[in-house]
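Here's the structure we're looking at; comments come further down.
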């Protein structure tokens with residue numbers, strides 16, 4: 001883990017980002033409104049949603065806003 005995020009392969013980062021985007025759109029939330037409710041800058045949320053980077057603490061804030069829980073699993 002780095003100071004700014006978790007090191008993940010590009011595919012995993014994109015999958016997490018896509019899932020977060022889907023959660024947000026299912027709640028009918030616009031990207032520009034989420035920062036006011038999470039105190040996370042819009043550019044950070046957008047970067048996570050496109051799989052540019054992953055920030056664990058930020059993901060936790062977002063999924064909490066979306067009414068979801070996070071579970072990490074390891075698979076073969």
Item checked: Estimated 222 nm signal from helices in the chain, with DSSP H stretches of n ≥ 4 weighted -39500 (n - 2.57), rounded to 500 -> -15500 deg cm²/dmol
Next item on the list: Output the peptides 10-22, 30-42, 48-60 sorted from most to least packed, where packing is the average of other Cβ atoms within 10 Å over each peptide's residues.
Entry: 48-60, 10-22, 30-42
Next item on the list: Extending each Cα 7 Å along its Cβ direction at residue 29 and residue 70, get the distance between those two points in nm, one decimal.
Entry: 1.3
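Counting alpha carbon pairs within less than 8 Å and at least 6 residues apart, what relative contact order, in whole percent, applies to the chain? Walk me through the numbers on the way to the answer.
Values: 63 pairs, mean separation 30.3, N = 76.
Reported relative contact order: 40 percent.
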Item checked: Entry for Rg/Rh (Cα atoms, Kirkwood Rh) (calculated from the structure that is shown) out of [x] 1.39; [y] 1.25; [z] 0.95 -> [z]
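Only the coordinates and a few stated rules stand behind these numbers; no lab work does. Predicted model only: the values in this text are computed from it and were never measured. Every residue, glycine among them, receives a Cβ derived from its backbone with ideal geometry; neighbour counts consider all protein chains shown.
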